[in-house]
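Written below as structure tokens is the structure these notes are about.
What follows is calculated from the coordinates using simple rules that are stated; it is not laboratory data. These numbers were taken from a predicted model, which means no experiment stands behind them. All Cβ positions, glycine included, derive from the backbone under ideal geometry; neighbour counts span all protein chains shown.
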């Protein structure tokens with residue numbers, strides 16, 4: 001009986017504010033304070049709410065089956081736009097979007113779906129990786145740098161290829177060691193192996209190691225720190241994981257994607273399709289904060305700034321591995 | 001060429017580090033399985049221990065307190081396994097699997113509730129970890145002793161205490177199993193529990209003692225992963241090491257010393273895989289690192305198929321003991 005009443009009240013408010021926007025966001029596993037991907041989205045959502053005063057309904061997924069349920073629940077509660085976080089939610093959002101053509105959907109880190117009411121955000125990871133590659137080459141004293149990827153999939157080769165491009169743009173004869181952690185999903189959460197791979201690269205002379213390996217990367221950063229070398233973080237700002245040992249981080253600005261989604265929707269400018277955020281759109285960047293300010297010399301800063309200029313002006317086109325599954329550097 | 005040998009030495013050094021959790025778990029498996037209890041749950045116990053060690057070390061600042069807490073939790077998981085399959089005669093494989101699933105879910109959920117970092121624990125500072133120990137006279141040895149000096153420095157020095165504990169656990173396991181009355185009874189209970197029972201010794205008690213020892217050893221493996229070689233817990237961080245250890249135990253035919261060598265072999269393959277990835281080798285070309293990673297499993301399958309001598313597991317393994325009245 002109570003639930004009936006509750007349902008009724010939801011329906012009436014739904015009618016009362018039929019023009020008002022009701023945004024919802026489904027955080028993925030890890031929750032909105034995960035110091036990583038989800039927290040980035042949360043920062044964008046918070047900024048939107050502060051600027052517009054519109055409250056955003058939130059749900060934190062704690063197991064895989066909840067994703068689709070949560071999205072359907074949000075639609076039932078009258079959400080006008082639902083934002084999904086991460087490629088793990090792709091199947092769920094595709095199904096729910098197909099069933100609810102009047103509701104707008106948006107998802108971050110997905111680019112392969114096709115639905116008239118769905119916006120997808122992808123990032124030009126290769127451009128961000130190019131920037132940190134420039135920083136790595138400048139910071140390296142041995143002219144040898146490393147890369148540790150997570151699972152061996154084309155997306156991660158995209159990071160690697162952009163990085164190699166950045167390193168070679170500074171030092172054409174630099175040696176770059178590349179390791180992928182594995183070919184199964186457990187490659188994303190094997191910090192012990194990440195640490196071993198990093199040590200093997202350091203043994204061969206690398207003194208800066210960039211990772212794109214999720215939880216495995218925790219081991220990469222820690223192994224570099226233990227050996228007194230430098231690591232480069234990924235996705236979110238990981239400079240604080242080992243202050244003084246993380247040269248910088250390649251940022252994917254998921255907050256920008258979240259903010260843009262809701263802002264566009266609130267202005268009635270929602271569009272479907274794929275939006276690719278690169279350097280020009282503020283979608284990728286490198287991290288500078290108090291944890292790494294002593295590591296970043298003026299020389300590095302200048303080199304990265306000019307690399308950024310070159311990419312923005314079109315003088316340098318960073319190769320996208322996904323375009324042809326090949327890395328020309 | 002010297003560079004090649006130097007890299008080879010470093011690969012051996014890496015082998016020791018990679019093999020450490022495998023050795024602990026393989027010894028745990030030997031204790032459990034020699035007593036007649038199949039232990040699929042090495043992985044889960046190690047994972048729980050890794051989480052508890054990191055969380056406790058973070059909260060207290062002491063890796064030792066973390067280690068003790070981790071061992072206690074790992075023993076508790078063993079006792080659940082024992083409760084299900086010794087007391088209630090449940091299926092040992094299913095009970096073990098249940099513990100693995102429990103561990104992978106519980107660690108993440110508690111981790112999110114405690115630390116709000118997506119199931120990870122915060123990174124541990126150096127003071128909350130088991131750090132590498134440099135052996136004495138390292139530089140003296142390197143400069144004055146021709147070949148052994150460099151081996152001493154690169155291979156033997158600079159490991160944390162748990163690496164040495166893992167190697168010691170092999171000797172201890174061998175001694176307990178083959179040189180003590182307890183070990184004799186333990187082996188007998190896995191071969192012919194009726195005989196032990198008729199000698200007036202409790203089969204239940206023997207098996208519980210065996211799995212508690214297994215719990216301690218798995219606990220140490222978890223402690224190694226999150227507070228010695230690692231600096232914090234990451235969800236699912238055991239990444240199948242428990243299963244590789246199980247394979248190593250079988251490869252070693254349930255005997256401590258051969259199992260040690262199996263662990264070292266598997267560790268060596270992984271260390272080499274890390275070094276040959278993407279490297280062209282003269283005459284051979286690029287060696288697939290995936291193949292090297294898969295080798296432990298392939299070797300174990302070949303062994304089990306009976307190509308490398310026979311494999312005889314303990315005879316009463318997997319069978320709950322029912323006392324005849």
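Observations, loosely collected:
- Translational diffusion coefficient of the range B:2-304 (Stokes-Einstein, Kirkwood radius from Cα pairs, 4 °C, 1.567 mPa s): 64 µm²/s.
- Entry note, the range B:167-245: relative contact order of 14 percent, from Cα contacts under 8 Å with a spacing of 6+ residues.
- Cα-only Debye scattering, the range A:209-272: base-10 log of I(q)/I(0) at q = 0.24 Å⁻¹: -0.86
- Hydrodynamic analysis of the range A:244-318 uses the Kirkwood radius over alpha carbon pairs. Inserted into Stokes-Einstein at 25 °C and 0.890 mPa s, it gives a translational diffusion coefficient of 169 µm²/s.
- FRET efficiency for the pair residue A:298 and residue A:175, taken as 1/(1 + (r/R0)^6) with r the Cβ-Cβ distance and R0 = 41 Å, rounds to 0.95.
- Reducing the range B:70-105 and the range A:50-64 to their Cα centroids gives an inter-centroid distance of 38 Å.
- Rounded to 5, the percent of DSSP beta bridges in the protein assembly as shown classed as antiparallel: 15
- Pairs of Cα atoms nearer than 8 Å and 6+ residues apart set the relative contact order; for chain A it is 18 percent.
- Inter-label distance, nm, simple model (7 Å from Cα along the C-beta direction), residue A:153/residue B:135: 4.4
- Over all distinct Cα-Cα pairs of the range B:19-140, the Kirkwood formula returns a hydrodynamic radius of 15.8 Å.
- Distance between the range A:130-158 and the range B:201-248 - C-alpha centres, whole angstrom: 35
- On Cα atoms only, tilt of A:254-266 relative to the major axis of chain A in degrees: 30
- Considering only B:188, B:113, B:69, the mean-square fluctuation computed in a Gaussian network model of chain B, springs between alpha carbons under 10 angstrom, is largest for B:113.
- Between helix A:191-203 and chain A there is an angle of about 30 degrees, using the helix long axis and the longest principal axis of the Cα atoms.
- Relative contact order (%) - criterion: Cα under 8 Å, at least six apart; region: the range B:2-304: 34
- Helix A:90-99 and the longest principal axis of the Cα set of chain A meet at an angle near 20°.
- Ratio of Rg to Rh for the protein assembly as shown: 1.02 [Cα atoms; Kirkwood radius as inverse mean 1/r over pairs].
- Cα-derived Rg over Rh, computed across chain A with Rh taken as Kirkwood radius: 1.02
- Note on residue B:83 and residue B:192: the extension gain reaches 37.1 nm, defined as 0.36 nm multiplied by sequence separation minus the Cα-Cα distance.
- For chain A, built as a Gaussian network whose Cα springs stay under 10 Å, the top-fluctuating residue of A:58, A:50, A:281: A:50
- CD proxy at 222 nm, helix term only [per DSSP H run n ≥ 4: -39500 (n - 2.57); per residue of the protein assembly as shown; nearest 500]: -17500 deg cm²/dmol
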